[in-house]
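Reviewing the structure listed below.
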Amino acid sequence: MRDLTARRALFVGGSSGMGLASARLFQRLGAEVILAGRSSDRLDAARRTLDATGPVAVLAFDMTEPEQVGEAMSRLEAEQIDFLVITAASVTHGPFAEQPVSELRAMFDSKFWGVYGVARAALPVLRDGGAIVLFSGVLSRRPGINCAALGAACAAVEALTRGLALELGPRLRVNCIAPGMVRTELHDRLPAERRESMFEATGASLPVGRIGRAEEVAEAVLLAATNGYMTGQVLDVDGGHTIRQYATR
Ligand SMILES: NC(=O)c1ccc[n+]([C@@H]2O[C@H](COP(=O)([O-])OP(=O)(O)OC[C@H]3O[C@@H](n4cnc5c(N)ncnc54)[C@H](OP(=O)(O)O)[C@@H]3O)[C@@H](O)[C@H]2O)c1
């Protein structure tokens, strides 16, 4: 494991799920972490779950509001961030012919334009030699029924990753994590029984026989952020979702 002492990492989406798990791992390795998200209450609650002896700051802003993003970045000093990890997104599913386009536009505002805007606004605060880690999802290449627009948004993030890696190198590296199904607060909006049966059915269909844990994805975030020879890549951390069989074994 790497020593991240004297490194600083900003996690946009750090109050929950894979962002918080990544922040916890980076902090354990010595990094100073900054958690960002919309809700100050969630950020404070997340901060309390991290090691109180390590420095942790919070930054509340909505990444779909460019003014808030600009204001948040202006609170950080120039060239002080080594790693920018953006897990934040609000996503939606539904039948292609029925889902309101306004709902899908709002999803793109978050999952694509929010990420785009944060990465751009963060350029002055990122240190030379730093790294950006974005998040897409397996749907970019393995579609699901009622998920066409979400798959398209994920694919857009992956294309952005490759474009930024080319344009921002060698000053910065840019990679993307494509998770499969992972148990996080993202799924809390589903009724518990439905959620658990979805986790079980998806897990049973995967080569690894279960869905993922946020801590497992955090290890991939660490690799993407710290491996100096990796850029423009999409890492699938999905239990084998992209190669799974649909029929049960
Ligand atoms: N979990 C899965 O099964 C799965 C599968 C494939 C892909 N993914 C992708 O992986 C990423 C991380 O997912 P996760 O499960 O860790 O999500 P999560 O637990 O729901 O966490 C999302 C985080 O983003 C923040 N956030 C959401 N909208 C925001 C906004 N507009 N501005 C600022 N912060 C915002 C949330 O805090 P606030 O609500 O307080 O803002 C929260 O901290 C997402 O991009 C998701 O699409 C997840």
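The values are calculated or read from the model by the stated rules, or taken from the named source; none is laboratory data. Predicted model, so just to flag it, every value in this text is computed and none were measured. Glycine also receives a Cβ, built like all others from the backbone with ideal geometry; neighbour counts cover every protein chain displayed. Side chains are part of the model used for accessible areas, which takes the heavy atoms of the whole protein and leaves out ligands, DNA and RNA. Shrake-Rupley method; radii C 1.70, N 1.55, O 1.52, S 1.80 Å.
Structure above, values below:
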read-out	value
Looking only at segment 138-152, and only at residues there that are more than 10 Å from the ligand (Cβ to nearest atom) and assigned to a helix (DSSP H, G or I), the one that is farthest from the chain's Cα centre (by Cα)	Ala148
Single match in Thr202, Thr226, Thr161, Thr184 (criterion: touching a helix residue (DSSP H, G or I) at 6+ places or on another chain (Cβ under 7 Å) and of a type in the set (Ser, Thr, Tyr))	Thr184
Every residue from segment 155-180 that is small (Gly, Ala, Ser) and either touching a strand residue (DSSP E or B) at 6+ places or on another chain (Cβ under 7 Å) or within 22 Å of Asp238 (Cβ to Cβ) (or both)	Ala155, Ala156, Ala159, Ala165, Ala178, Gly180
Filter result (of a type in the set (A, V, I, L, M), assigned to a helix (DSSP H, G or I) and within 16 Å of the ligand (Cβ to nearest atom)) within segment 86-131	Leu104, Ala106, Met107, Val115, Val118, Ala119, Ala121
Residue, surrounded by the most Cβ atoms within 10 Å (Cβ to Cβ), within segment 63-74, restricted to residues that are in contact (Cβ under 8 Å) with a residue 24 or more places away in the chain and in a helix (DSSP H, G or I)	Ala72
Residue check for Asp128: open to solvent by 50 Å² or more (accessible area, probe 1.4 Å), under 24 Å from Leu20 (Cβ atoms) and either among the aliphatic types (A, V, I, L, M) or at pLDDT 95 or above (or both)	no
The lone exception for Val208 - which of (1) open to solvent by 70 Å² or more (accessible area, probe 1.4 Å); (2) free of Cβ contacts under 8 Å to residues at least 40 places away in the same chain; (3) within 22 Å of Ser16 (Cα to Cα) it fails	(3)
Per-region count, segment 5-28, residues outside any helix (DSSP H, G or I) and within 15 Å of the ligand (Cβ to nearest atom)	8
Yes/no for Arg162 being in a helix (DSSP H, G or I), charged (D, E, K, R), loosely packed, with under 15 Cβ neighbours inside 10 Å and more than 10 Å from the ligand (Cβ to nearest atom)	no
Candidate set from segment 211-249 (those that are over 26 Å from Ala23 (Cα atoms) and not in a loop (DSSP other than H, G, I, E, B)); member that is least open to solvent (accessible area, probe 1.4 Å)	Thr242
Check on Gly151, of a type outside the set (S, T, N, Q) and open to solvent by 30 Å² or more (accessible area, probe 1.4 Å)	no
Residue satisfying all of: in segment 29-62; charged (D, E, K, R) and more than 10 Å from the ligand (Cβ to nearest atom); most open to solvent (accessible area, probe 1.4 Å) among these	Arg48
